[in-house]
1. Would a scan of segment 221-240 turn up a residue that is more than 25 Å from residue 294 (Cα to Cα), in a helix (DSSP H, G or I) and without any contact (Cβ under 8 Å) to a residue 24 or more places away in the chain?
2. So, in segment 140-164, exactly how many residues are within 19 Å of residue 98 (Cα to Cα) and assigned to a strand (DSSP E or B)?
3. Residues to consider are 290, 257; find the one that is surrounded by 20 or more Cβ atoms within 10 Å (Cβ to Cβ) and touching a residue at least 12 places away in the same chain (Cβ under 8 Å).
4. Do you know which residues across segment 27-48 are loosely packed, with under 10 Cβ neighbours inside 10 Å and modelled with pLDDT under 85?
5. How many residues does segment 165-181 hold that are within 20 Å of residue 102 (Cβ to Cβ) and assigned to a loop (DSSP other than H, G, I, E, B)?
6. What is the residue count in segment 202-220 for residues that are exposed (fewer than 15 other Cβ atoms within 10 Å of the Cβ) and part of a loop (DSSP other than H, G, I, E, B)?
7. Residues 157, 191: which one is more than 30 Å from residue 59 (Cα to Cα) and either in the same structural domain as residue 124 (by TED's automatic domain parsing) or surrounded by 14 or more Cβ atoms within 10 Å (Cβ to Cβ) (or both)?
8. Answer yes or no as to whether residue 59 is touching a strand residue (DSSP E or B) at 6+ places or on another chain (Cβ under 7 Å), free of Cβ contacts under 8 Å to residues at least 12 places away in the same chain and either part of a loop (DSSP other than H, G, I, E, B) or not assigned by TED's automatic domain parsing to the domain that holds residue 88 (or both).
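The values are calculated or read from the model by the stated rules, or taken from the named source; none is laboratory data. Because the structure is a prediction, the values reported are computed rather than measured. Positions of Cβ are generated from backbone atoms using ideal geometry, with glycine treated the same way; all protein chains shown enter the neighbour counts.
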């Protein structure tokens, strides 16, 4: 039997009884079955041999942003769905605890570009609120946050662009070219400036926020994680939902309790909402305001859109 110039002398079939009528459920199960069958015979001679070489699978797509293939999407058979995010240009404004976890998730999607905006240095306390584990040398290097996170995720993918400055009235127009923006700032005036500009340019965005306080009677922490979305179909709730007061910034920063697990949860909720807006996840309720409350473990969905969110 010739196959591409090769000739076989032997062939065999070993379909399990439960699949005799219907066939293998998919190609993966078929290959694994036969590999296991042949491998077990080889191990009878040498117990140390294996057919599973764990070789790194390189991407066959020359335009892929990943430095190695996204085998997770392949195994889950969701490549077509994952590709709905493929050509997006994303901005993350603020690389504090929540912004860093947003980057962690967005970096594992096929978006074309991820732009990071933050002027602050990566300091020791940041290491305890960020994904991964920063080394002593990395903390001692006094890198900008954007450079630290660019360095951390560059081995996995291309397209991460660091910007070593805050967004202000002089440069907010840079956000007008993005397909989506994550606002992760802790200052009301900055949030107001950015959200108003993005709304005027019809750029969809998600704003995140946490409010964690200690109960003086119980000495336990309670609080909320908030995600507020803005799309073309729903934006009349922003004036009510976004905290934009000009508070005493130093006092606010000192009392603003940040916990890594809540930062991560806030980020996950924001990323899920972004993926809903771009057709990755189902979104039956079209909620544009989501609030998780710690004490009751409850998730409130508010500000429903009646049209397509995007």
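1. no
2. So the answer is 5.
3. Just a single option satisfies the conditions, and that option is 290.
4. Once the filter is applied, which keeps residues that are loosely packed, with under 10 Cβ neighbours inside 10 Å and modelled with pLDDT under 85, segment 27-48 yields 27, 48.
5. The number of residues fulfilling the criteria is 5.
6. 7
7. The match here is 191.
8. yes
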